[in-house]
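> Right, I'll just put the structure down here and ask away after.
Derivation of every value follows stated rules applied to the coordinates shown; laboratory data play no part. Not measured: the values here are computed from a predicted model. For neighbour counting, all protein chains shown are included, and Cβ atoms are generated from backbone atoms with ideal geometry for every residue, glycine included.
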Amino acid sequence: MSRRMLSVLMLLALVSSVFASNGTQIGTVGAKSTAMGSAFRGLSDDWSAVYFNPAGATQFGKWEIGFSAGMIMPRGSYEAYPYPGVPFTGMKAGEVDAEARNFLVPALGIFYKPCEKWTVGLGVYAPNGLGTEWDLFDTPAGYGPSAMTEETEFYSDHQVIDVQPTVAYKVSDKFSVGLGVKYTWGKMTLRQAAFPFNPLLANWAAINGGLAMVNAVNPQVPASLPWNPDWNRLIAASELDGSGSAFGANLGLLYKVSDKLSVGLSGRYSTDLKLKGSMATKVILPANATYASLLSNVATALAANPATAAYAPSFLQAAGAFSGATYVNDEVDDIEAALPLPWVAGIGVAYKPICKLTLTADVSLTNWSAWDEVEVKKGDDVLQTLLLDWENTMEIGVGAEYLAWDAGCKKLFVRLGGYTVPSPVPDETMNPTLLDPNTRTVVTGGLGLHMGKLAVDLAYENVMFGEKDITEYNPVNSPDGMYENFAGKYNFHANVFTLAVSYSIR
């Protein structure tokens with residue numbers, strides 16, 4: 001097996017995983033908005049307006065300061081389906097649970113109103129992030145005990161942080177505008193195993209044909225060698241660490257139709273996230289000392305005879321293919337890619353049918369179709385163009401807040417809500433490092449205790465994805481035996497708790 005062939009296989013393993021990890025939209029900014037199903041564009045009356053609709057900041061007093069911490073606890077399972085045509089016994093059979101991981105997501109908003117019409121502020125929040133960790137693979141015995149040392153061969157961890165200076169202007173008693181200019185920093189770590197065809201598999205019949213020819217002259221050489229199905233595929237592992245930055249804007253409009261009804265529009269846009277990183281890749285070969293020695297001796301014998309010398313290189317490469325060696329590629333460093341961050345635009349309404357009750361509703365569109373094709377580069381050279389083919393998603397959410405107890409400066413609010421949004425990832429590119437395998441249905445609730453200038457809010461989200469069954473690998477006729485997706489049965493859910501503390505000075 002040539003070094004060039006190994007390099008190609010490792011590159012394929014890399015590019016199949018560079019963008020495997022879904023930048024899941026988090027939206028856990030503040031507890032009041034979260035408890036109301038994140039349907040907050042038309043209300044935006046607390047510090048989380050920095051994320052949902054910056055125009056809402058004109059409703060604040062002299063100071064509005066808030067901080068929230070969300071604990072996201074995703075859980076899930078995956079059951080791999082056998083590869084078509086040429087199976088591989090390394091993937092675990094049956095349902096495998098994801099490693100339990102919890103993610104702390106902080107957010108901060110600080111606003112100051114120097115005069116009646118102007119409000120300025122700063123927000124820090126995480127619009128995307130999370131990750132997964134799996135132990136889906138057991139190294140077959142034919143590869144030796146040290147072939148794969150990681151216990152979790154499929155791992156993703158990514159963070160996107162926005163720092164957003166914001167200004168809001170009250171055009172009139174009914175109409176306000178807001179603008180945030182944001183700096184985005186992102187980081188990702190991805191680890192993934194891939195299992196390309198063993199190139200020797202296609203040549204094994206020819207190898208045995210050559211052995212039969214040698215056997216006719218030298219009976220001590222076996223006429224054929226059996227093929228172990230564990231050798232059908234090689235083990236290609238890659239790990240990528242990258243980070244980068246982008247710039248963007250968050251624009252909002254808020255119109256108060258009446259004392260009871262308000263309408264908000266907002267949108268977020270970012271430039272491409274310019275990722276730069278380093279990676280380690282390796283391809284691991286089967287280990288069989290008997291085969292390696294025999295084929296090497298045959299290659300030597302063939303090379304010594306001018307009539308058969310032309311066959312010697314094939315047998316020498318076959319001998320090397322059973323060395324159990326691990327080939328590390330040092331040619332694919334300094335990877336670069338421009339990862340589009342999808343724009344988001346939405347409209348929301350807030351309505352107070354009675355003085356103690358507020359109802360909200362939101363509809364928003366996320367431009368995930370920007371994740372269509374992404375070029376992976378090293379310098380000026382395009383290593384490969386990745387086809388992701390993600391789809392736009394529409395999120396629909398509703399919320400309610402009820403003033404359950406009012407003792408003057410002390411008030412208790414009860415909140416409910418929910419939203420639904422489909423997965424942007426098509427079946428053809430789904431894999432276990434993603435957290436959105438299916439339509440996300442979320443039920444929310446929470447409490448808010450306001451004590452004069454101080455408010456403490458708590459929110460809970462029950463995130464349900466349901467079961468997703470992907471029956472086919474894509475493409476099923478891949479010449480290298482690696483696929484754009486991982487077919488199988490996916491099942492995810494998550495619990496999210498958010499605590500927020502805010503302080504207001506009117």
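> On each of the three principal axes of the Cα atoms of the chain, give max minus min coordinate, whole Å, ordered largest first.
Over the chain, Cα extents along the principal axes are 103, 44, 31 Å.
> Also, quick follow-up: Within the range 406-479, report the GluC sites (Glu not before Pro) that DSSP leaves as loop and that have at most 16 other Cβ atoms within 10 Å.
Glu472
> Which value, in debye to the nearest 20, describes the size of the charge dipole of the chain about its Cα centre when Lys and Arg Cβ atoms bear +1, Asp and Glu Cβ atoms bear -1, and nothing else is charged?
1940
> Would you give the gap between the C-alpha center of the range 261-335 and the C-alpha center of the range 106-147, rounded to a whole Å?
Using only Cα atoms, the two centres lie 32 Å from each other.
> Counting Lys and Arg as +1 and Asp and Glu as -1, each charge on the Cβ, what is the dipole of the range 232-316 about the Cα centre in debye, to the nearest 20? Present the calculation step by step, with values, prior to reporting the outcome.
Working: 7 positive and 4 negative charges, 59 e Å.
Dipole magnitude for the range 232-316 comes out near 280 debye.
> Please report the relative contact order for the range 65-166, taking Cα pairs under 8 Å with a sequence separation of at least 6, and give it as a percent rounded to a whole number.
The normalised contact order for the range 65-166 reaches 28 percent.
> Set Lys and Arg Cβ to +1 and Asp and Glu Cβ to -1, take the dipole of the range 444-506 about its Cα centre, and tell me which of Met482, Leu447, Ala459 lies farthest positive.
The listed residue farthest towards the positive side: Leu447.
> Please go through the range 241-327 and write out the chymotrypsin sites (Phe, Trp or Tyr not before Pro) that DSSP classes as loop and that have at most 13 other C-beta atoms within 10 Å.
Qualifying residues, ordered by number: none.
> What is the extension gain from Ala93 to Ser293, computed as 0.36 nm multiplied by their sequence separation minus the C-alpha to C-alpha distance, in nm to one decimal?
Once the chain is fully extended between Ala93 and Ser293, it gains 68.6 nm.
> Then there is this: Mean residue ellipticity at 222 nm from the helices of the chain, using -39,500 (n - 2.57) per DSSP H segment of n ≥ 4 over the full residue count, to the nearest 500 deg cm²/dmol?
Calculated mean residue ellipticity at 222 nm is -4000 deg cm²/dmol.
> Which value does Rg/Rh take for the range 396-492 over its C-alpha atoms, Rh per Kirkwood? Let's see the in-between values first.
Details: Rg = 21.2 Å, Rh = 16.5 Å.
Computed over Cα atoms, the ratio is 1.29.
> In addition: Computed FRET efficiency, Cβ-Cβ of Asp272 and Ala303, R0 56 Å: what is it to the nearest 0.05?
Computed FRET efficiency for Asp272 and Ala303: 0.55.
> For the range 325-411, report the % of Cα-Cα distances exceeding 16 Å.
So the pairs more than 16 Å apart make up 73 percent of the total in the range 325-411.
> How high is the relative contact order of the range 328-409, in percent, counting Cα pairs under 8 Å that sit 6 or more residues apart? Can you show the working numbers first?
Details: 143 pairs, mean separation 25.4, N = 82.
Across the range 328-409, relative contact order equals 31 percent.
> Using the Cα centre of the range 40-155 as origin and beta-carbon charges of +1 (Lys, Arg) and -1 (Asp, Glu), tell me which of Gly85, Ala141, Ile110 is placed farthest towards the positive end of the dipole.
Ile110
> Taking R0 as 51 Å, what FRET efficiency do you get between Thr420 and Trp204 from their Cβ-Cβ distance, rounded to the nearest 0.05? Show your work: numbers first, answer last.
Working: r = 51 Å, r/R0 = 1.01.
Working from the Cβ atoms, E equals 0.50.
> Under a crude label model (7 Å from the Cα following the beta-carbon direction), how far is Glu467 from Trp63 in nanometres?
5.5
> Treating only the Cβ of Lys, Arg, Asp and Glu as charged (+1, +1, -1, -1), what charge dipole size does the range 213-280 show about its Cα centre? Round to the nearest 20 debye.
Once rounded to the nearest 20, the dipole reads 380 debye.
> Between Arg101 and Val163, what FRET efficiency comes out of the Förster formula 1/(1 + (r/R0)^6) with R0 = 25 Å and r the beta carbon distance, rounded to 0.05?
0.50
> Output the relative contact order of the range 165-214, whole-number percent, from Cα pairs under 8 angstrom with separation of 6+ residues.
For the range 165-214, the relative contact order is 22 percent.
> Could you pull out every whole DSSP H run in the chain that spans at least 20 Å of Cα extent along its own axis and averages 0.0 or higher on the Kyte-Doolittle scale?
199-217, 289-304
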